[in-house]
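**Q** Below you will find the structure I want to go over with you.
Nothing in this text is a laboratory measurement; each read-out follows from the coordinates by a stated rule. Nothing here was measured: the structure is a model prediction, and the numbers come from that model. So basically every Cβ, Gly included, is an ideal-geometry build from the backbone, and we count neighbours across all protein chains shown.
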Amino acid sequence: MVANLGYGTLIIALVVSIYGAVAAFYGARKNHPAWVDSARNAMLLTFPLLTISALTIIYLLVSGHFEVQYVTEVSSKSMPLYLRITALWGGQAGSLLFWSWLMSAFASAVMLRKWDRDREFLPWVILVSLVTLAFFLILSIFVENPFLSFWQSPTGNITTAMFQPAGMTPYIPPDGNGLNPLLRHPGMIIHPPMLYLGFVSFIIPYAFAMAALITGRTDDRWIRITRRWTLVAWLFLSLGLVLGAWWAYDVLGWGGYWGWDPVEIAAFMPWLTGTAFLHSVMIQEKRGMLKQWNMILIILTYDLVIFGTFLTRSGVLSSVHAFAQSAIGPLFFGFIGLTFIVSLSLLSRRWNDLKSGAEMTSWFSREALFLLNNLLFVGIFVVCFWGVIFPVISEALGIVGQQFPALAGIFTGQKVTVGPSYYERATAPLFAGLLLLMGVAPLSAWRYSTSKTLGKAIWKPFVASLLAVAVLWIAGMRSWPALVGFWLCALVVFVTLYEYWRAAWARHNTRGENLLQALWNLAGRNRRRYGGYIIHLGVVLMALGIIGIELFQTETQGTIPQGGEISLGHYTIRFDKLSVWDTNDGRNIARAVVSVYKDGKFVGELYPRREYYYEAQQPMTIAGLRSKPEDDLYVLLVDWQPLSTSAATFKVYHNPLVWWLWCGAAVFILGTIVAAWPEKDPEMVILRKVVPATSKA
Amino acid sequence: MMMIKRSWFAILLTLLFGLLVVSVVSAQQPTPSDDQVNAIAKQLYCPVCENIPLDVCPTTACAQWRELIRQKLADGWSEQQIKDYFVQQYGARVLGTPPAKGINWLVYLVPPIAILAGIYVLYRAFRSWKQPAKQMDIPSSTSGPSAGQEAAQDEYIKRMEDEVRKN
Amino acid sequence: MNEISPSPIEQPSQTVRPHFWRILAWVGLFALLVVVAMVLLRKQQGPVAVGQKPPTFILTTFDGQQIGPDEMSGKVVLVNFWASWCKPCEQEAADLESAWRHYQPRGDVLFLGIAWTDTESASLAYIKKFGITYPNGPDLGTTISQAYRTTGVPETYVIDKNGNLASLKLSPYSSLAEIQAAIDPLLGP
């Protein structure tokens, strides 16, 4: 009954969405503001409807209504309350509904802003949002219905259906399967919502871009409106990616944080083009250039979001992350086809209107360096996209080869793996280039910068960075990739601090503010710039962590009896105790106590454990982790051989500097919040002309 | 008589003890160690589960494959030989990167070509946008075209910085 | 501010003319969509379908024999994919061997076991454990399973005397009777 309520609101929401889309289109075409207002109301109505729908699923999950198929799939009696709630996004059907709910939330929020200056955009923003929402609702209603129930025929056959089939009675399984054990971790609880938030919120800038193309208002109005939205979307996407990395490190037990799995990359690609877009719009705002390129970037970003979602959910890519295959593949394919073709058509139609009077005054100006930044980001994107799509192309060519035996020799269609070594080798120099740009670009000026002015500005931080690297060299580091990496990090840190320092010093001199106050006020005055600096600092800290773990990770594995020891570098692990027991929520836990010695001195205990979930028949290894800024010691209980007190196998990873990856991520997020924070009205300055108070839309 | 018996006994004991020592010592002779197995397993991928390296894959099948690597190492096979054996047995997808033959060459060629093409496009764009060189002498930005707050503040800060520098 | 009515859509300033980059963009887009569609269709298809001719292959058994299309032609062929690490495969192993002993004297039925992603020693141990006497060989390079588009083990494909797929089973056979029910109709006179 409750399930029917949820399903009913889904259907109503779909009807309302279709109505709103049609009304918006009609109102725009025929120039009837009343229809557009009605469409706006329809958009706003979808949010409470979908909220009811989402709440009904949560209710069904929490109260254990196992006659609903989705509840049986992802929930179970033994799961704690918070996991039952988060099971909303634990499976395909629920996560699609969650996606729809988020989309209606964001689109409704946009509806609530002041539209007076931009009435011509409104119908098209509504149209794009509602068409997308309608598509996801169609998926939820017809293909991946989270409200399907079990029914039993008199002969004992069990089927699923929404409404009671003739002659069948409700069937209630005794218990559910429970959430996949891998998903029962705090990181997994907020990683999917953050990621979905990031994905879904990119529809707003995209919708405005489409509105700009349709209405012909191709100036940078649409960028100014969506500037904060884009930053917020980017923030959520970054947060989602970082949380995923943290979860992988903490839970998956392979000593790493990023596996270059195709589904991870599918989420990474929109982030790459999104970051390029964030930088490139600054050029359009400052110089009025690159309108065409910015359109390309935002279309690419949003289309990649949809394409990545399609790849993950359709079964085209096989991956640990992928959802089980279902019929949504062809429908989703139709949707991405529609999105790609419409975007490209609109862009093509307005291409010439987007031409701007571009002029570049210097190779070292900030515009030029930002363009270089774009080139590098897009380069990394190309590497990632090609690596993901190549196995698909190879398989498609294999199908061709089967039809035309002459080509079968070349188009073998044999499955191949494009793995981390491809991505790492190809993107490392590009990332290094980005680090270098992060160091140089803040010192360049819009329009006019020469090698001389840039050289003058940079020589002090440059020398300081060389000194830092010299210290490393003297201390014995010889790995040249690490030296180059650390040099670039030092360069960026020194340049950023130098910039901040100079400006703070200037304020101190002219206003008598002490330095701390000056630093605070600077960030407050110009949040985007100083937020950006903080973000760059965060990135550099993350780079430190990445260089540490990628280039200097060591590992060892061995089987030792109780009391035995295993050594890695400065560390020795002694196996003290092993306890094995069954929990009351369907797990078998084997937990080892190991003592850690560094250079012979006792520094602590770790508790690596291996959990086995009976129902899911799935093992999980949770590492014992000792994390310090200089390095992490990561101890795993491995079951190559059966575990017992006489012999247990341990795998030990030594990961230097990984702590900085998480620290840097926190700084990164902080910087984004600073950059996105709404600015106060500017203070009146000494200038003798009146600065009109432009409203920050 | 007792002396001979005792000495026989002593020899027997010594022999037995020696045997024990030898057997203990040879038990500690490493069959290829886990680390050696892992060094190769790291570079291979589980043919059954996608995109999981062989050294961390928890399934029974992967455990068998790791033992296979250990056995081949004990037989004296080189790393390359073991990898080739795995490719022959299980297909090209066990390798981390596609073997460079046939159309797989495209994997390694397309990205560099695309990036070079991008550099070329950027270069042409720069060239067509660039103003003649005489404006290169103007040091640091004096004016931005937009009247937004950022430009005003940039200008303000830069002027104050000039002030500081002059002093 | 009072109501601003939405302005009529501005017309694009120039008619669209074919342009190299434009054409390239469209071609690229269609190529991507076509490629993705092909793979999606294939994934939706699943394994080889009943009525189709399954791909031919040559199996090199653990004994060194080569069994190919010549040995298979004119016979009812049961192709069973298994692995030593696959627990459900063990459920049907005994039934398959019994079925083989029942049909082998006839001479027009062939059972082939294909060890999928398995190690030789483990495979041989499995064969010995269940006393399997029909030919078994490894799926070298996983070429056979990729051609059949299998998605796991155990899977069994029964091919009739004309070379068409008569039935397929994507899970273990539950009984000897089920195996016989799959083969008997194909035996003919």
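**Q** Quick check on my link table: of A:Lys651/C:Lys169; A:Lys355/A:Lys456; A:Lys114/A:Lys355; A:Lys415/C:Lys87, which ones sit more than 31 Å apart, alpha carbon to alpha carbon?
**A** On the way: A:Lys651/C:Lys169 41 Å; A:Lys355/A:Lys456 35 Å; A:Lys114/A:Lys355 29 Å; A:Lys415/C:Lys87 26 Å.
Pairs exceeding 31 Å: A:Lys651/C:Lys169; A:Lys355/A:Lys456.
**Q** What distance in nm separates the two pseudo spin-label positions at B:Gln80 and B:Lys42, each 7 Å out from Cα along the beta-carbon direction?
**A** 2.0
**Q** Something else about it: At R0 = 60 Å, how high is the FRET efficiency between A:Asp219 and A:Leu55 if r is their beta carbon distance? Nearest 0.05 is fine. Working shown, then result.
**A** Working: r = 42 Å, r/R0 = 0.71.
After rounding, the FRET efficiency stands at 0.90.
**Q** Translational diffusion coefficient of segment B:28-99 at 4 °C, 1.567 mPa s, Stokes-Einstein with Kirkwood Rh over Cα pairs, in µm²/s as a whole number. Walk me through the intermediate numbers first.
**A** Values: Rh = 12.1 Å.
Using the Kirkwood radius from Cα pairs, D works out to 107 µm²/s.
**Q** Count the net charge of all other residues whose Cβ sits under 12 Å from the Cβ of A:Ser394, scoring Lys and Arg as +1 and Asp and Glu as -1. Display every interim value, and only then the final one.
**A** Numbers: positive: A:Lys415, B:Arg93; negative: A:Glu395.
Overall, the nearby charge balance is +1.
**Q** I would also like to ask the following. Can you spot the aspartates and glutamates whose alpha carbon is less than 19 Å from C:Lys129's alpha carbon? Ignore those fewer than 8 places along the same chain.
**A** Cross-link targets: C:Asp63, C:Glu90, C:Glu92, C:Asp95, C:Glu97, C:Asp118, C:Glu120.
**Q** Quickly work out the A:Arg113-to-B:Thr59 label distance, labels modelled 7 Å from Cα along the C-beta direction, and quote it in nm with one decimal.
**A** A separation of 4.8 nm, rounded to one decimal place.
**Q** A further question on this structure: In nanometres, what is the gap between the two model label sites at A:Gln562 and A:Val22, each 7 Å from Cα along Cα-to-Cβ?
**A** It works out to 7.5 nm between the two label points.
**Q** Order of C:Leu187, C:Leu59 from fewest to most other C-beta atoms within 10 Å? Provide the component values of the computation, followed by the final result.
**A** On the way: C:Leu187 13, C:Leu59 21.
Arranged by neighbour count, lowest to highest, C:Leu187, C:Leu59 become C:Leu187, C:Leu59.
**Q** Taking square-rooted eigenvalues a ≥ b ≥ c of the alpha carbon gyration tensor, is segment C:59-186 rounded, prolate or oblate, where a/c under 1.5 means rounded and, failing that, a/b exceeding b/c means prolate? Could you put the intermediate results ahead of the total?
**A** Values: a/c = 1.34, a/b = 1.19, b/c = 1.12.
Here segment C:59-186 falls in the rounded category.
**Q** Which shape class, rounded, prolate or oblate, goes with segment A:1-152 when its Cα gyration tensor gives a ≥ b ≥ c as root eigenvalues, a/c under 1.5 marks rounded, and past that a/b bigger than b/c marks prolate?
**A** Details: a/c = 3.26, a/b = 2.38, b/c = 1.37.
Verdict is prolate for segment A:1-152.
**Q** Now a separate question. Give me B:Cys46, A:Cys663 ranked fewest to most by other Cβ atoms within 10 Å of their Cβ, as a rough exposure proxy. Let's see the in-between values first.
**A** On the way: B:Cys46 24, A:Cys663 17.
Lowest to highest Cβ neighbour count: A:Cys663, B:Cys46.
**Q** Let me ask something additional. For chain C, what is the calculated [θ] at 222 nm in deg cm²/dmol (nearest 500), taking -39500 (n - 2.57) for each run of four or more DSSP H residues and dividing by its residue count?
**A** Details: 6 runs with 72 residues, N = 189.
After summing the helix terms and dividing by the residues of chain C, the value is -12000 deg cm²/dmol.
**Q** Averaged over A:415-426, how many beta carbons belonging to a partner chain fall within 10 Å of each residue's beta carbon?
**A** Details: counts 9, 11, 14, 7, 10, 4, 4, 6, 1, 0, 2, 5.
That average works out to 6.
**Q** Cross-link list A:Lys452/B:Lys130; A:Lys77/A:Lys577; A:Lys291/A:Lys452; B:Lys72/C:Lys128: which exceed 26 angstrom alpha carbon to alpha carbon? Show your work: numbers first, answer last.
**A** Numbers: A:Lys452/B:Lys130 18 Å; A:Lys77/A:Lys577 32 Å; A:Lys291/A:Lys452 30 Å; B:Lys72/C:Lys128 23 Å.
Long pairs (Cα-Cα over 26 Å): A:Lys77/A:Lys577; A:Lys291/A:Lys452.
**Q** Continuing with the same structure: Of the peptides A:3-15, A:441-453, B:75-87, how do they stack up when ordered by the mean number of other Cβ atoms within 10 Å, highest first?
**A** Working: A:3-15: 19.2, A:441-453: 21.1, B:75-87: 14.0.
Result, highest mean Cβ count within 10 Å first: A:441-453, A:3-15, B:75-87.
**Q** Among DSSP beta bridges lying fully in chain C, give the percent that are antiparallel, nearest 5. Let's see the in-between values first.
**A** Numbers: 11 of 21 bridges.
That works out to approximately 50 percent antiparallel.
**Q** Follow-up question, since we're still on this one. Cut-off 10 angstrom, C-alpha nodes, Gaussian network model of chain C. Which of C:Pro105, C:Pro55, C:Pro69 fluctuates the most?
**A** C:Pro105
**Q** Then there is this: Hey, what's the Kirkwood Rh for segment A:351-453 if you take every pair of different alpha carbons, in angstrom? Kindly include the intermediate steps, with their values, before the conclusion.
**A** Numbers: mean 1/r = 0.0586 Å⁻¹.
Over segment A:351-453, the inverse of the mean reciprocal pair distance is 17.1 Å.
**Q** Based on the alpha-carbon gyration tensor of chain A and its eigenvalue square roots a ≥ b ≥ c, which shape applies: rounded if a/c is under 1.5, prolate if not and a/b is larger than b/c, or oblate?
**A** Numbers: a/c = 1.72, a/b = 1.04, b/c = 1.65.
Oblate.
**Q** Here is a further query. For a label point 7 Å from the Cα of C:Trp21 along Cα→C-beta, name the residues of segment A:357-383 whose backbone N is under 19 Å from it.
**A** Answer for segment A:357-383: A:357-361, A:367-382.
**Q** Cβ under 9 Å from C:Leu186's Cβ, C:Leu186 left aside: what net charge do those residues give with Lys, Arg +1 and Asp, Glu -1? Numbers along the way, then the final one.
**A** Numbers: positive: C:Lys161; negative: C:Asp160, C:Asp184.
Its environment carries a net charge of -1.
**Q** How much length would be gained if the chain were fully extended between A:His570 and A:Leu338, taking 0.36 nm per residue of separation minus their Cα-Cα distance, in nm to one decimal? Intermediate results must be reported in sequence, preceding the final value.
**A** Details: separation 232, 0.36 × 232 = 83.52 nm, distance 5.83 nm.
Using 0.36 nm per residue and subtracting the Cα-Cα distance, I get 77.7 nm.
**Q** Another question, if that's okay. What percent do you get for the relative contact order of segment A:191-267 when only Cα pairs under 8 Å and 6+ apart count?
**A** On the way: 65 pairs, mean separation 29.5, N = 77.
Rounded, it is 38 percent for segment A:191-267.
**Q** Still on this model: Over chain A, what is the relative contact order in whole percent, taking alpha-carbon pairs under 8 Å and six or more residues apart?
**A** Working: 1172 pairs, mean separation 67.5, N = 697.
Relative contact order comes out at 10 percent.
**Q** When the helix-only estimate is applied to chain A (DSSP H runs of n ≥ 4, each -39,500 (n - 2.57), divided by the residue count), what is the mean residue ellipticity at 222 nm, nearest 500 deg cm²/dmol?
**A** -20500 deg cm²/dmol
**Q** Something else now. At 0.36 nm per residue, and after removing the present C-alpha to C-alpha distance, how many nm does the segment from A:Ser348 to A:Phe602 gain when stretched out fully?
**A** Computed gain between A:Ser348 and A:Phe602 is 84.7 nm.
**Q** Mind checking the angle between helix C:87-103 and chain C's longest principal axis? C-alpha axes, 0 to 90 degrees, to the nearest 10.
**A** Around 50 degrees separate the two axes.
**Q** At a Förster radius of 60 Å, what calculated FRET efficiency corresponds to the Cβ-Cβ distance of A:Gln617 and A:Val471, to the nearest 0.05? Mind showing how you got there, number by number?
**A** Values: r = 53 Å, r/R0 = 0.88.
Efficiency, from the Cβ-Cβ distance: 0.70.
**Q** What is the distance in Å between the Cα centres of segment B:71-98 and segment A:123-163?
**A** Going from one Cα centre to the other spans 47 Å.
**Q** Using a cut-off of 12 Å between beta-carbons, work out the net charge of the residues near A:Met289 (Lys and Arg +1, Asp and Glu -1, A:Met289 not included). Before the final figure, lay out the partial values.
**A** Numbers: positive: A:Lys286, A:Arg287, A:Lys291, A:Lys355, A:Arg366, A:Arg447; negative: A:Asp220, A:Glu285, A:Glu359, A:Glu367.
Computed value for this residue: +2.
**Q** May I pose another question? Report the calculated FRET efficiency for A:Ala166 and C:Ala125 (r = Cβ-Cβ distance, R0 = 45 Å), to the nearest 0.05.
**A** Numbers: r = 53 Å, r/R0 = 1.17.
Once rounded, the FRET efficiency stands at 0.30.
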